[in-house]
Amino acid sequence: MSKKHVSRKLKSAWRKHIDISDVDQFLEEQRQDERIGGRIADKPDQELFSEEKRPAKAKATLRELRRNKFGELPRSLLPLVNTSNVSDPVVKRNVKKSRVTLAPVAPVASVRFRKKGRPSGIAKPAEEDLWAKETPVPGELQNEWIAKELVHHTLAHTGKPLVTNLPARMDPEQRRVPLRKRLPAEGLSYNPAIDDYLELKDKLVKEEKKIIRHEEHLERVLTSKLGKMTPEERYRTAISEMSEGLLKPDKNNQSEEEEDEKKKDEEEEEKPVVVAKAKKRISKAKKRARMLQHKEEKLLEQELHKLVEIDRVEEIAAEVEQEVQQTQRKAEYRVRKRKAMRAKLDLPIDFVEPQKLSGSLRTIEPLNNLLATGLPKVRKVSILKRTRAEVERKMRRIPTKRYTRSSHKEPMLPPTKPAKRAK
C-alpha cells in the first residue's frame with residue numbers, strides 16, 4: 001500500500017504526524033526508576049540485601065517446648081532405634097506372634113470396710129434438693145398438671161419469656177450483639193412485664209408524694225405565717241388611705257396631735273445647747289502654701305507609686321495571665337454545666353392508669369404536656385441528647401484514617417509575600 005502523503009509545513013503538523021512513542025517509553029521507564037531510587041541492576045548487593053542478626057521466628061516458650069516433647073520419642077527408647085546404614089536383607093519379614101495363651105485369672109475379691117453409722121442409726125435426708133437448679137418459673141406454674149407448652153405461652157405473654165436467647169430465631173445482625181445491648185426494633189409493639197409497670201407506678205407515686213410534701217411545707221412556712229385580711233378590712237383600709245386629707249379630722253384626734261407637739265417641744269428645750277468653738281483665722285498666703293505643699297506631696301506619692309509598679313511588671317503580667325486562665329476555666333465550667341443540665345432534663349413520666357389501658361389503644365388520652373409530646377420533634381433538631389436506643393440503632397461507622405505516602409507528599413512552600421503596589 002502506498003503511504004499517504006502528509007504536509008509538514010507547520011510545527012503542529014510535525015508534532016501530529018511524527019511517532020515519538022519510543023521516546024515517551026524511555027522517559028517513563030526513567031521516571032519509574034527514579035521513583036524506586038535508581039535501577040536495581042546498578043545497585044550493589046549491600047543496598048539490596050541485609051543480614052538478619054536475630055531470627056525471624058520468635059523463641060519458643062517453656063510451655064511450647066514441653067508440649068512439643070509429647071510428640072518426640074522418649075529418651076529411654078532411643079537405644080532401640082536402628083541407626084545402622086545396612087539395610088535389612090529380608091525385605092518382607094513375618095513377625096511371629098506368641099501362641100502361648102495365659103490362663104484367665106479370677107479377680108481377687110475386694111475387702112470392704114463398712115462405716116460406722118450415726119448414733120440414731122438412720123441418716124436424715126436433706127430438706128432441700130441440693131442439685132436442683134434455680135428456675136424463673138413461678139411457683140403457681142410449677143405443677144405436674146400444667147404442660148410445658150402452657151408454661152412457655154404464659155410466661156411469654158406476661159413479659160417474662162422463659163427462652164430469651166435463641167440465636168436461631170434472631171436476625172444475623174442481632175446474633176453477635178451482646179444481650180444488654182439488644183434492643184427492640186423501632187416501632188415494634190410489645191407487652192412490657194407487669195413488674196416493670198408496677199415499678200413505674202411506684203416511681204410516679206413517690207414523685208407525686210414529694211410534690212405534695214413540698215406544697216404542704218410552703219403552706220406551713222409561708223402562707224400560714226403571713227397575716228390574712230378579710231375583704232371588708234381591705235376595703236376599709238383602701239377608703240381611709242384614699243380619703244387622707246379630704247375629710248375633717250375629729251376634735252379628739254386634733255387634741256391628741258397638739259399634745260404630742262407640746263411634748264416634742266419640751267423635750268427639745270430640755271436638751272443642752274452645744275456651742276461650737278470659734279475657728280482661728282488663717283491668712284490667704286498660708287492657705288496657698290498649704291495647698292501647694294499638699295499638691296507636691298500628692299505628685300511625689302504618684303511618682304513613687306509608678307516606680308513601684310514598674311518594678312512589679314513581671315508580677316503584674318503573671319497576675320493578668322492568671323486572671324485570663326481563671327476566666328477561661330470559668331467559661332469552660334459554665335459550658336460543661338450547661339450541657340450537664342441539658343442532659344439531666346427531668347421529663348414527666350408517661351404513665352397510663354390501669355383503668356384506661358383496657359380497650360382500644362386509640363381511646364387512650366395523650367399527655368397534655370408540651371415537653372412530653374414534643375420530645376421526638378425536639379430530639380430531631382438535636383436540641384436534646386439522643387437516647388441510647390437511637391444511638392445503638394444507628395449504623396456503626398468503622399473509624400478510618402487516611403495516610404499519604406512519603407513519595408506522594410507535596411512539599412510545603414513558604415508563604416508568598418504580597419507584591420507592593422506601585423505608587
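Side notes on the structure shown:
- Breaking point among (1) more than 30 Å from residue 407 (Cβ to Cβ); (2) surrounded by 10 or more Cβ atoms within 10 Å (Cβ to Cβ); (3) acidic (Asp, Glu), for residue 72: (2)
- Consider region 334-361 and keep the residues that are open to solvent by 70 Å² or more (accessible area, probe 1.4 Å), modelled with pLDDT of 75 or more and more than 17 Å from the chain's Cα centre (by Cα). The one that is farthest from residue 196 (Cα to Cα) is 334.
- Unmet criterion (only one of (1) at pLDDT below 65; (2) over 55 Å from the mean Cα position of the chain (by Cα)) for residue 74: (1)
- Listed by first and then second residue, the pairs with beta-carbon distance under 9 Å, at least 6 apart or on different chains, first residue in region 59-84 and part of a helix (DSSP H, G or I), second of a type in the set (Gly, Ala, Ser), are 68/60.
- Pairs linking a residue in region 401-412 that is closer than 18 Å to residue 36 by Cβ to a residue that is open to solvent by 100 Å² or more (accessible area, probe 1.4 Å) and modelled with pLDDT of 75 or more, with Cβ atoms under 8 Å and 6 or more positions apart or on different chains, are 407/35.
- Any hit, region 38-47, residues being under 21 Å from residue 406 (Cα atoms) and either modelled with pLDDT of 85 or more or open to solvent by less than 100 Å² (accessible area, probe 1.4 Å) (or both): yes
- Condition met for residue 53 (in a loop (DSSP other than H, G, I, E, B) and open to solvent by less than 100 Å² (accessible area, probe 1.4 Å)): no
- Within region 267-300, tally of residues that are modelled with pLDDT of 75 or more and in a loop (DSSP other than H, G, I, E, B): 7
The values are calculated or read from the model by the stated rules, or taken from the named source; none is laboratory data. Bear in mind that the values here come from a model prediction, so they are computed numbers and not experimental data. Neighbour counts run over all protein chains shown; Cβ positions are idealised from the backbone, glycine included. Quick note on the areas: whole protein, heavy atoms, side chains included, nothing else; ligands and nucleic acids left out. Shrake-Rupley method; radii C 1.70, N 1.55, O 1.52, S 1.80 Å.
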